[in-house]
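Quick notes on the structure that follows.
The values are calculated or read from the model by the stated rules, or taken from the named source; none is laboratory data. A quick note: this is a predicted structure, and the numbers were derived from the prediction, not measured. Side chains are part of the model used for accessible areas, which takes the heavy atoms of the whole protein and leaves out ligands, DNA and RNA. Shrake-Rupley method; radii C 1.70, N 1.55, O 1.52, S 1.80 Å.
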Amino acid sequence: MFLKWFNRLILLVYAMLIIVPLYFVFVSSFKTSSNFFTSPFSWPDPFTWDNVTGMFRNQPMWQYFGNSLVVTLGTVVIELLLSSMIAYAIVRWGGSVGKIVFALFVAGLIVPSQVSMLPIYSLTRTLGWSDSLTGLIVVSAAMLMPVSVFMLTGFMRMLNAEILEAGSMDGASEWRLYTRIALPLAAPSLAATATFLLVMVWNDLLIPMLMLSSKSKLTLPLALMQFRGEYVTNYPMMLTGVLVTAIPMIALFILLQRYFVAGLTAGSLKG
């Protein structure tokens, strides 16, 4: 009985750690600057839409939204395509070769992204990819490749090897086995990985800050930095930007929650 209530208490504390910041961001988005500093957690008084309208009137937010959308979708599509191929190859190879290749990708998880900032910046300038959305997509996909390969390899290992072997004996090529058998069976896992990658890329600040300099190419997280001045920061406007940036990901997670949970539990039970 004690353990049951203790677990509920932990879940309640965890829920509050999520709900309180979300509430603070929401109410702050509809406050004036004076109301924000005098009553940071109270309901907006007066309730104003000036932050929302001012953001879209004074800033090209739709352009920033489009940039984030292009970078996010481009990165996730490339990531899923390449990482699923790699994960399938690792599983099919098996043995020492598969273990070595898998270990090399896992080693990429150990290296902090900050360590590779200087080499990435130097390489992108040499290739002419600096200040380019295309370059940002390629670099983001490369940086997240160890994570997606690690996730999808675990999922691919849960596939029924007998089905693949039967298809191989019937004369199916590896490409046909991959596209007609492996991918359809791994669809929930791909959806879970895609959801994770979408959130990671959409909210990423470090790599866009490293690569982008033109105002017309800024992504949403990077554009929010414009509301921070040297002496004065417009916190209500900045938090409005945070709310606008978070809404698409919240809606996406609600829509894909069923697939995300199914992907995470795929293979946990073997029938």
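Taking a 1.4 Å probe, which of Val101, Val199 shows the most accessible area, and what order do the others take after it?
Values: Val101 35, Val199 55 Å².
I get Val199, Val101, largest accessible area first.
Considering only protein heavy atoms, with the full assembly of protein chains and a 1.4 angstrom probe, order Val77, Val201 by accessible area, largest first.
Working: Val77 95, Val201 15 Å².
In descending accessible area the options line up as Val77, Val201.
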Taking only protein heavy atoms and a 1.4 Å probe, the highest-to-lowest accessible-area order of Tyr121, Tyr178 is Tyr121, Tyr178
Ignoring ligands and nucleic acids, Ser39 exposes an accessible area, probe 1.4 Å, in Å² to the nearest 10, of 40
A correct Stokes-Einstein calculation for region 60-267, using the alpha-carbon Kirkwood radius, 4 °C and 1.567 mPa s, returns a whole-number D in µm² s⁻¹ of 69
The base-10 log of I(q)/I(0) that the Debye equation returns for region 49-101 at q = 0.13, 0.21, 0.30 Å⁻¹, one scatterer per C-alpha, is -0.54, -0.79, -1.01
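How big is D, in µm² s⁻¹, for region 186-254 by Stokes-Einstein at 25 °C and 0.890 mPa s if Rh is the Kirkwood radius over C-alpha pairs? Don't skip to the answer; put the middle values down first.
Values: Rh = 13.7 Å.
Estimated via Stokes-Einstein, D reaches 180 µm²/s.
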The Cα extents of region 29-154 along the principal axes, largest first and rounded to whole Å, are 66, 35, 26
Ignoring ligands and nucleic acids, Asp131 exposes an accessible area, probe 1.4 Å, in Å² to the nearest 10, of 30
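Give, to the nearest whole percent, the P(r) tail of region 1-50 beyond 14 angstrom, counting all Cα pairs. Let's see the in-between values first.
Numbers: 713 of 1225 pairs.
In whole percent, the long-distance tail amounts to 58.
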Sequence order, region 248-255: Karplus ³J(HN,Hα) from phi using 6.51 cos²θ - 1.76 cosθ + 1.60, θ = phi - 60°, Hz rounded, Gly and Pro as x, gives x, 6, 5, 5, 5, 5, 5, 5
Excluding residues fewer than 8 positions from Lys217 in its own chain, the aspartates and glutamates with Cα under 17 Å of it are Asp131, Asp204
